[in-house]
Each structure stands twice: as C-alpha cells, then as structure tokens.
Amino acid sequence: MLKTCTKRLTSNCGAWRCLATQPTYMNIFDRNTKRLQKERAALSADVATYDYLKEEVGFRLADRVFDIKREFKTAADIGCNRGYISKHILAECVEHLTLTDTSATMLDQAQGTPGLKMRKLVQDEEHLDFEENSLDLVISSLSLHWVNDLPGCFASIKRSLKPDGVFIASLFGGDTLYELRSSLQLAELERKGGIAPHVSPFTQIRDIGSLLNRAGFTMLTIDTDELVIGYPSMFELMWDLKGMAESNAAFNRPAHLSRETMLAASAIYKELYSKPNEEGVPATFQIIYLVGWKPGPNQPQPLPRGTAEVSLKDLGTIVERGGKIKIDPDT
C-alpha cells in the first residue's frame, strides 16, 4: 500500500513538473514563415512600391519620438523591417540606434539619417538579447502584432530599458482589414459551409493597457488611428499585403483558397463596402500607438489620498477665475 502511494505521488509530481514547464502563451504565429515572407518581399525588385503604409506609420511614430524633449544616448528599433523609423530619426535626437529584425535582407536595406550611428542585429522580437538597464529608448513600428508571447516581449523590453526609459510602438489593431475578413468568411460559408482563418488575428486595444501594466510600465499613453486606403478590388489589396510581407502567418491558416471562393469574396466585398459613386473598395488599417515608461526616481508621483486642497465641484469656478482659488473648508 505504501509503495503504491509513493508511486502515485512520484507520478503526480512528475506531471505537475511537466505542467510547470509549459509556456504560458499560445503559439499562434509561425515565426519562420513570417521570416520567409519578409525575405521574399525584400528580394522583390519592386519592394519599395509596397512601402506606402509602413512609411506613413513609421513617420508618425518618429514624430512621437521628437515630441519627447530629450536626447537619447542608446536606442533600439525592434522589428525594424526596411528602416521605416530609422530614416526619420535624427542624430540630434538619438546618438546610437540598434536595428533588429528576423530578416537579414530587410535589415541590410534599412538606412538612417546622416550622422546617426547604427548597429544591425539579426534578432527575433520574441528572443531579445539586450543587457539589463542598457537602453534609453525602445521603438517598434508594425512588427509586434506577429509576436506570440507579447507579455514576455514587453517584459524583455522593460528589462532592457534604463530607469525612466521609454517604450514607443505601433501595431495593427483588431479592426484592421475587417472588410476583407468578413468578406472571405461570408464567401467561404456560402461555398464551403464553414469558415477558415484567412486573416491573422490582431490585438485589441483594450488588452494593450493591461499587458503594459502587467509588464510594469507606467504613465501609459495609448491611442488609435485609422487609415482607410482605396484599392481597385480585393485582389489588389491581397497582392499589396503580400508585397508588404503582411500575409497570414498563423499555424492554422489553410493551405489553399479556391478560385470560386475568391471570386465570391470579391463580389461580396464590393457589394458591402464600396462607396456610392466611387470606384474600387476601401480597406481599413487600425493602428494602435502606445507609449510606456519604465519606473524611475525622477518621474512625477501621485500625491497621497486625502491631500487635495480643492473639490472637483469648484472646478468651474477655478477655470472662470483663471487659476487656483482658496476654498473655505467650512463651506
């Protein structure tokens, strides 16, 4: 009896040990497939033709870096692609910039502004290898939506930042390509009697704040922007997505999409989403911008509870008088 109990206990301990070593996230995206997609896109002769979306978002993200009135000694661009941010970062703002990406070809094509010191590393966003407290700034543009372990990635970025360092990034949000997603689903449901994931899942904006807080970032700023781009038809949109290296890379993606389903989806897309008296169809790209700071001793801290000197009910009076007024505590 004692031997039997000992065997069961040992077996259960082994099972729990196995469960403890399991990852706390799901592998949704095939990182090797995404790397190959980037390589093929970068080797294309007309690769610059498909840079319009990432160029625009990279410019807007670089503008947010300029809004911070600080000179950053060391910075890193995580998942730099073809250098959509580095070509806008000035040497007066960042002294040394490290570029990382899984695609060696895209990394070679990334360029910087005159005077900017750069270093290039072939590195996966899921396995960042920066020293702790070594960076003043980490930036990333339209790359992190392909990361499986986003909480782990945020934690690695925070660990690499110095105290009071800042993390600025952009990624596609959940409403991105909703027109294409719904059109393919309706067409496949009609033709095949079921649906398959032809468009990769994207992070919802409501989850970003929770993930950043979980990683330990403070003073968060999160906002969204929508870019609506017109295309002659659904087929041109899908061709451009391939040129951007933004094709589906989920493990459960179907290997083929039949011709009849494609034609039906194109017709549904045009019927549901085309605007009256306009040629072509629109495609929505929801961009999530986020800013998070690593806690530092010089950051502003909230005052203790109960130390307020005025009440919110007097806010209107304060604004009318153009500043702070003294409120009688007995009134």
Thr261 vs (1) modelled with pLDDT under 75; (2) part of a helix (DSSP H, G or I); (3) of a type in the set (S, T, N, Q): all pass except (1)
message: It is to be established whether one or more residues within the stretch 44-62 are of a type in the set (Phe, Trp, Tyr) and surrounded by fewer than 16 Cβ atoms within 10 Å (Cβ to Cβ).
response: yes
* Confirm whether Pro302 is under 28 Å from the mean Cα position of the chain (by Cα) and either free of Cβ contacts under 8 Å to residues at least 40 places away in the same chain or in a loop (DSSP other than H, G, I, E, B) (or both). => no
Scanning the stretch 160-185 for residues that are in a strand (DSSP E or B) and of a type in the set (Phe, Trp, Tyr), the one surrounded by the fewest Cβ atoms within 10 Å (Cβ to Cβ) turns out to be Phe172
Ile157: passes all of (1) in a helix (DSSP H, G or I); (2) farther than 26 Å from Glu95 by Cβ; (3) open to solvent by less than 20 Å² (accessible area, probe 1.4 Å); (4) touching a helix residue (DSSP H, G or I) at 6+ places or on another chain (Cβ under 9 Å) but (2)
Screening Asp77, Asp129, Asp108 for residues that are outside any helix (DSSP H, G or I), open to solvent by 30 Å² or more (accessible area, probe 1.4 Å) and not hydroxyl-bearing (Ser, Thr, Tyr) leaves only Asp129
Sole miss for Val122 among (1) of a type in the set (A, V, I, L, M, F, W, C); (2) buried (at least 19 other Cβ atoms within 10 Å of the Cβ); (3) modelled with pLDDT of 95 or more; (4) under 26 Å from Arg31 (Cα atoms) is condition (2)
(message) Would you confirm whether or not the stretch 249-267 contains a residue that is over 28 Å from Thr33 (Cβ atoms), of a type outside the set (Asp, Glu) and over 28 Å from the mean Cα position of the chain (by Cα)?
(response) yes
When restricted to Pro297, Pro254, Pro282, the only residue part of a loop (DSSP other than H, G, I, E, B), in contact (Cβ under 8 Å) with a residue 24 or more places away in the chain and open to solvent by less than 90 Å² (accessible area, probe 1.4 Å) is Pro254
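The values are calculated or read from the model by the stated rules, or taken from the named source; none is laboratory data. This one's a predicted model, so the numbers in the text were calculated from it and none came from an experiment. Don't worry about glycine lacking a Cβ; one is built from the backbone with ideal geometry, like all the others, and counts go over all protein chains shown. Heavy atoms of the whole protein, side chains included, go into the accessibility calculation; ligands, DNA and RNA do not. Shrake-Rupley method; radii C 1.70, N 1.55, O 1.52, S 1.80 Å.
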